[in-house]
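The values are calculated or read from the model by the stated rules, or taken from the named source; none is laboratory data. Since the structure is predicted, the reported quantities are computational estimates derived from the model, not experimental observations. When we count neighbours, we look across all protein chains shown, and the Cβ atoms used for this are built from the backbone with ideal geometry, even at glycine. Heads up: the accessible areas ignore ligands, DNA and RNA and are worked out on the full protein's heavy atoms, side chains in. Shrake-Rupley method; radii C 1.70, N 1.55, O 1.52, S 1.80 Å.
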There are 6 protein chains.
Amino acid sequence: MTLSPEIRAALECVTTATLTTVLLKKGVRTAYISGPVPFTDAAKGRRFVGPAFTLRFVPAREDLSTPESWSSPRSTRAAIEAMPEGCIAVADAMGIADAGIFGDILCARMAKKGVTALVTDGMLRDGAGVAGTGLPVWCKGTVAPASVASLNFVGWEETIGCGGVCVVPGDIIVADGDGAVVIPAALLEAVTTAAVEQEQLEAWIMQEVGRGVPLPGLYPANAETKARYEADMKKG
Amino acid sequence: MTLSPEIRAALECVTTATLTTVLLKKGVRTAYISGPVPFTDAAKGRRFVGPAFTLRFVPAREDLSTPESWSSPRSTRAAIEAMPEGCIAVADAMGIADAGIFGDILCARMAKKGVTALVTDGMLRDGAGVAGTGLPVWCKGTVAPASVASLNFVGWEETIGCGGVCVVPGDIIVADGDGAVVIPAALLEAVTTAAVEQEQLEAWIMQEVGRGVPLPGLYPANAETKARYEADMKKG
Amino acid sequence: MTLSPEIRAALECVTTATLTTVLLKKGVRTAYISGPVPFTDAAKGRRFVGPAFTLRFVPAREDLSTPESWSSPRSTRAAIEAMPEGCIAVADAMGIADAGIFGDILCARMAKKGVTALVTDGMLRDGAGVAGTGLPVWCKGTVAPASVASLNFVGWEETIGCGGVCVVPGDIIVADGDGAVVIPAALLEAVTTAAVEQEQLEAWIMQEVGRGVPLPGLYPANAETKARYEADMKKG
Amino acid sequence: MTLSPEIRAALECVTTATLTTVLLKKGVRTAYISGPVPFTDAAKGRRFVGPAFTLRFVPAREDLSTPESWSSPRSTRAAIEAMPEGCIAVADAMGIADAGIFGDILCARMAKKGVTALVTDGMLRDGAGVAGTGLPVWCKGTVAPASVASLNFVGWEETIGCGGVCVVPGDIIVADGDGAVVIPAALLEAVTTAAVEQEQLEAWIMQEVGRGVPLPGLYPANAETKARYEADMKKG
Amino acid sequence: MTLSPEIRAALECVTTATLTTVLLKKGVRTAYISGPVPFTDAAKGRRFVGPAFTLRFVPAREDLSTPESWSSPRSTRAAIEAMPEGCIAVADAMGIADAGIFGDILCARMAKKGVTALVTDGMLRDGAGVAGTGLPVWCKGTVAPASVASLNFVGWEETIGCGGVCVVPGDIIVADGDGAVVIPAALLEAVTTAAVEQEQLEAWIMQEVGRGVPLPGLYPANAETKARYEADMKKG
Amino acid sequence: MTLSPEIRAALECVTTATLTTVLLKKGVRTAYISGPVPFTDAAKGRRFVGPAFTLRFVPAREDLSTPESWSSPRSTRAAIEAMPEGCIAVADAMGIADAGIFGDILCARMAKKGVTALVTDGMLRDGAGVAGTGLPVWCKGTVAPASVASLNFVGWEETIGCGGVCVVPGDIIVADGDGAVVIPAALLEAVTTAAVEQEQLEAWIMQEVGRGVPLPGLYPANAETKARYEADMKKG
């Protein structure tokens, strides 16, 4: 759950593509949150890293999902006030696509509180207003209807499902142009170390491809290629 | 949550079709659990009523969804042991269709404990074995893979989403050939009273249709038809 | 639109599988209504033929889809009263699956009026009650909510889309265990003649398969097979 | 149906997000057309308002959907010639995604006639050509095949379903970055008044969030916040 | 690929539910063919085992998928003649649901040749005729249109995808009420041995549940339960 | 399969929209690859033409889809090395959306070898890296997981299904902003000739629309319009 500045900085230089490969080698096949794409300009062309702060929605029920419910102690408002600076909010909207979980006001408050990013398997609303808040948002798109039309907020910091993946509060989220990936907290250090090495190797392979080296033997690297790579790394 | 024998008996004579109409008139549009159909022979041709006991699953994650997790205190096994006699278990499987939440052994234990029925927006497995337990089951079908392949059990007696509907522990579930409906606990008496009246009226209308009366004026009933209905009811 | 007793009788002996093949050869690829399956016992194991009487629904809108709208002159009730004996009602529900277009009362009235069958790309409600009316019904299944929850009836005897197919009032509908097929009225005679011949040929081929004849040359029939077939037909 | 310049100007300053909230409070839950997004550059970053001119398509049938049908009096060409200046064309394509309803020529003619915008739950074709016409278009995307491959045009100015919503000719359409919303004609004035007020309040709340005010009590506004808001409004 | 009578007999007593669990423990998570259910009466209530004989379809193209193509050497007819007795035909229809891959004539020939069963992620046609052939069929349902309308047969005994699973010719297929499972040929003996043991254990656990033993400690079995089980097994 | 520079140049000036119309007139209705859109900047705003080089994937199976399989002779690496300069690679990913078929390294090698473009009904991964290679890519989007997580490569230069269309090696692919179209090799010249004529006519019609000519009689062109068109063409 504690994310050191070193690990954050290291993960900011690793693609989510590499992270899923490393997690797969460690036995975790389901780590990629299916559905959300970079939505606001703030989310495009950059990578964000932070511990997950989870939110859970279920479908709306007219006797429960009322404008009045927005003032209840178990509301999205209360959840946002509880978010620590630097977290990435991950909202389980059960994939519901006909209402937006948040609009400009709630996103503005999240940005004000220093939330790093918002990731959801649902939609947002008032896309122009949300973009204006500067909050980096990964979602499936934008629609006009309010959450209360289709969604009922249940609670925060529970284990959730989001985009086909289980997210436990405090897991580390990394989000970039390919989407968002969950790193189980217990695997954080091992995954980071392996991912940094993998990125370095793949950068070297890209150089080799640029020189016209054919793929067989290069990628994946055979013994000779590995020797050449290690020699190059020693040279620096 | 307490379901009197009178209300249970009354609801056993009311179709879920009538219940959704009555709930709609009371402002609750989302009460029907979309997806589950009567699956075992025990579920076909009958109607079951009971308070909801909720179960929540999220997608599997290999570091969490292990055969070992089946022995943990937060397991489906522990949840089943906590089920009171007469309840209807409602399992939120997030609609995941590629693994069965339960097989014959867990269903046999539920039947043994006097659980009234099981309703889920997911699948079961070992359909023949489950049918043999005599437990009335509403689900989307049957597949071979175990829950651990795709699902991670999170907890019980939480507010859940199931088949597009919010279910709060203690809501009353009614399930018949058309599927399953949730009656919010606070509306139980009012809904039951109105539904029993509606059924009586519709039975009379069916008799009229059988006599060859055309629909306009009959259904919905205009003033004259209502008078005729009331006269007939007084006759008994 | 006029369906002679001879053509009706001929089509009652032709599978919808054969009809789609014949229509394909005549250039009509989209004739099969995708979605509806035989639902009531009255629809199973038999074949029904009749001219299409069309119904059109659109999604519900709360200011339009009210219980009051059921009494309006443009209601499903009025449409049912306008159905001629022997027609097959085809209802365009836009594939909406979360409400039933009709329940037991409306189906009972249709049965009383001598409607041959009901085909829809939507759902029915009160499945047990509908089955009890004896009306042969092809639909996608049964749910509890009333049409007013999700559907707004617009009119009848318009050109509609149903299950991915265009249906013009007066087209001929044939429905059996494989589903329902639309024969454009202008092609009725040509299709019937070709289909009867095709059925006769396929029945003979089935006999040949029963005798152990391998498929190549038999199906499709080469010149020698055709000669053998024609010889057999002459023998009678 | 008559849209005064004042109401048009007022609605051009109201987000579709706000409109759906106001409609929900007035009992209309289904007002958002699901699916279409701003497609041409002319549709992006602006908001358009106009009365609905409806078009209805059904699936193609080879004997009806021919290039020849394009010259018939009941063709898309005739419909386009009937469109009044300032209308928003709303096309019910039954959500069919494998053919485009219009290409560059038909869109160019619509632009020439002063049609305000085109909204459809289907696709367009020749996206580059369509963009070049300057017509603001909301649709689900662009594909190459012509409408005749999958769609059969039926008529115009009928009540339609589009993106899960019922649209009556003359309803008012508002389309912006979040998509398109239908305002029932009878509710136009009441909705506009309430929406303008709501926008003013939300703009003030955004300022408060910008000042660092936490959400509870602010949004939704409690009595004290409302008093503060009204005081600020009086100041002007 | 060679399936001994002993292994066939053993697997006929093991549920596909148990097989997927055993395969999962051996690292094969994707072994269940998603979609096909027992369709013909011959397929219901029994279990079939056989080596896979694969068929591959791609979408139709009008210049390739002609009635004439049925006589080509690379036709479904030729494939059927090549099927050995005792095989299970597995057809990759790419999940296409708007045409049937086979009708009564081709299924009759397969039955005549002693094919054990047919499994496909597509549809069949002429359901009544197919049922009459006595061939056990697992498929997604039945529609009227011929394969030529939507499917183009490509070849046989290739590696295919079927229902989300890779099937290599000669893998062993087991199909029962829960659907069909693929056992990679190389794992056949190990899987069979483990599955038989697992079935025996689960049968004993079911007896224990019948005696009223609670689930924790029983399933999965803890050390004490295992000891009790082994003692009971020794007694015989 | 041989694509002359003249035909390539001609097709580079014809929209895929026009090509599908011409193919439809020649009896080929299924020619448009459903799903892939221009993904990399190199694919946007331009049109590419080339003979199809096909790739086939099936779902992953853990005993087959291993990192080790990447070095096998039947690997994507070997397929890429076999691609001739100027081809368009078309990959059948069975529409699987939860893993990317290729990332930056494989795309960089394809660009280096002079492959014209990549078209797939699946996803790519490492979108930023892929964009950096300059390879024009049509796909459904980008995700993080590697192909090995969900896909098993089977072979190349086989007949495949891609996006609902059959592609034979050597068919001609044309891809632009509307997506990608397959021209059967045998129809190449006839389609090109007709398409160039169609484009010329439509360009003239667009001019007429620009002059304010109404649609009826213009598009489709009646006899008078055709005469006017031909006169204008003669003028040059």
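Is it the case that the stretch F:87-94 has a residue that's of a type in the set (Val, Ile, Thr), away from chain E (no Cβ under 14 Å) and surrounded by 24 or more Cβ atoms within 10 Å (Cβ to Cβ)?
Yes, the stretch F:87-94 contains at least one residue that is of a type in the set (Val, Ile, Thr), away from chain E (no Cβ under 14 Å) and surrounded by 24 or more Cβ atoms within 10 Å (Cβ to Cβ).
Restricting attention to the stretch D:150-197, report how many residues are within 19 Å of residue D:15 (Cα to Cα) and among the polar types (S, T, N, Q).
Summing the residues that are within 19 Å of residue D:15 (Cα to Cα) and among the polar types (S, T, N, Q) in the stretch D:150-197 gives 2.
Spot the failing condition for residue A:159; the list is (1) among the polar types (S, T, N, Q); (2) touching a strand residue (DSSP E or B) at 6+ places or on another chain (Cβ under 6 Å); (3) at pLDDT below 95, and only one is missed.
Condition (3) is where residue A:159 drops out.
Is it the case that some residue within the stretch D:102-114 is in contact with a Phe, Trp or Tyr (Cβ under 7 Å, 6 or more places away or on another chain) and under 20 Å from residue D:160 (Cβ atoms)?
No, every residue in the stretch D:102-114 fails to be in contact with a Phe, Trp or Tyr (Cβ under 7 Å, 6 or more places away or on another chain) and under 20 Å from residue D:160 (Cβ atoms).
Identify all residues within the stretch E:5-34 that are buried (at least 24 other Cβ atoms within 10 Å of the Cβ) and of a type in the set (Gly, Ala, Ser); write none if there are none.
E:17, E:31
Here is a yes/no grid of residues against (1) assigned to a loop (DSSP other than H, G, I, E, B); (2) more than 21 Å from residue C:194 (Cβ to Cβ); (3) in the same structural domain as residue C:176 (by TED's automatic domain parsing):
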| residue | (1), (2), (3) |
| --- | --- |
| C:10 | no, no, yes |
| C:22 | no, no, yes |
| C:29 | yes, no, yes |
| C:45 | yes, yes, yes |
| C:49 | no, no, yes |
| C:61 | yes, yes, yes |
| C:74 | yes, yes, yes |
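Sort out which residues of the stretch D:160-183 are open to solvent by 10 Å² or more (accessible area, probe 1.4 Å) and under 20 Å from residue C:165 (Cα atoms), and write them in order of number.
Hits for the stretch D:160-183 are D:163, D:164.
Among the listed residues B:157, B:224, B:197, which satisfies the condition of being in the same structural domain as residue B:28 (by TED's automatic domain parsing) and surrounded by fewer than 17 Cβ atoms within 10 Å (Cβ to Cβ)?
B:157
Condition check: more than 8 Å from every other protein chain (Cβ to nearest Cβ) and of a type outside the set (Val, Ile, Thr). Does residue C:108 satisfy that?
No, not satisfied.
Cβ-Cβ below 7 Å, separation at least six or inter-chain, first residue in the stretch B:14-30 and of a type outside the set (A, V, I, L, M, F, W, C), second in a helix (DSSP H, G or I) and open to solvent by less than 10 Å² (accessible area, probe 1.4 Å): which pairs?
B:18/B:195; B:26/B:191
Out of all the residues in the stretch A:112-127, is one or more under 21 Å from the mean Cα position of the chain (by Cα), surrounded by fewer than 23 Cβ atoms within 10 Å (Cβ to Cβ) and at the interface with another protein chain (Cβ under 8 Å from one of its Cβ atoms)?
Yes, the stretch A:112-127 contains at least one residue that is under 21 Å from the mean Cα position of the chain (by Cα), surrounded by fewer than 23 Cβ atoms within 10 Å (Cβ to Cβ) and at the interface with another protein chain (Cβ under 8 Å from one of its Cβ atoms).
Does at least one position in the stretch D:139-147 carry a residue that is within 12 Å of chain C (Cβ to nearest Cβ) and buried (at least 23 other Cβ atoms within 10 Å of the Cβ)?
no
Considering the stretch C:200-211 alone, what residues qualify as being in contact with a helix residue (DSSP H, G or I) (Cβ under 8 Å, 6 or more places away or on another chain), open to solvent by 40 Å² or more (accessible area, probe 1.4 Å) and either among the polar types (S, T, N, Q) or under 15 Å from residue C:231 (Cα atoms) (or both)?
Those that are in contact with a helix residue (DSSP H, G or I) (Cβ under 8 Å, 6 or more places away or on another chain), open to solvent by 40 Å² or more (accessible area, probe 1.4 Å) and either among the polar types (S, T, N, Q) or under 15 Å from residue C:231 (Cα atoms) (or both): C:200, C:201.
Of everything in the stretch A:70-82, what is out of contact with any Ser or Thr (no Cβ under 8 Å at 6 or more places or on another chain) and crowded, with 21+ Cβ neighbours inside 10 Å? Give them in sequence order.
Hits for the stretch A:70-82 are A:79, A:80.
Being out of contact with any helix residue (DSSP H, G or I) (no Cβ under 8 Å at 6 or more places or on another chain), open to solvent by 50 Å² or more (accessible area, probe 1.4 Å), within 30 Å of residue A:2 (Cβ to Cβ) and within 14 Å of chain B (Cβ to nearest Cβ) is the requirement here; does residue A:186 meet it?
Judged against the criteria, residue A:186 is a match.
Among the numbered conditions (1) modelled with pLDDT under 95; (2) away from chain A (no Cβ under 14 Å), tell me where residue B:200 comes up short.
(1)
Restricting the search to the stretch D:95-105, which residues are in a helix (DSSP H, G or I) and either within 18 Å of residue D:169 (Cβ to Cβ) or open to solvent by 10 Å² or more (accessible area, probe 1.4 Å) (or both)?
The answer is D:104, and nothing else.
Is it true that some residue in the stretch C:36-49 is within 11 Å of chain E (Cβ to nearest Cβ), among the hydrophobic types (A, V, I, L, M, F, W, C) and crowded, with 24+ Cβ neighbours inside 10 Å?
Taking every residue of the stretch C:36-49 in turn, none turns out to be within 11 Å of chain E (Cβ to nearest Cβ), among the hydrophobic types (A, V, I, L, M, F, W, C) and crowded, with 24+ Cβ neighbours inside 10 Å.
Quick check on residue B:22: is it within 14 Å of chain A (Cβ to nearest Cβ), in contact with a helix residue (DSSP H, G or I) (Cβ under 7 Å, 6 or more places away or on another chain) and modelled with pLDDT of 95 or more?
When the stated conditions are applied, residue B:22 passes them.
Take the residues in the stretch C:166-182 that are farther than 20 Å from residue C:78 by Cβ and more than 11 Å from the chain's Cα centre (by Cα); name whichever of them is nearest to the other protein chains (Cβ to nearest Cβ).
C:166
Can you tell me how many residues in the stretch F:60-69 are surrounded by fewer than 22 Cβ atoms within 10 Å (Cβ to Cβ) and either closer than 17 Å to residue E:160 by Cβ or of a type in the set (Gly, Ala, Ser) (or both)?
Result for the stretch F:60-69: 3.
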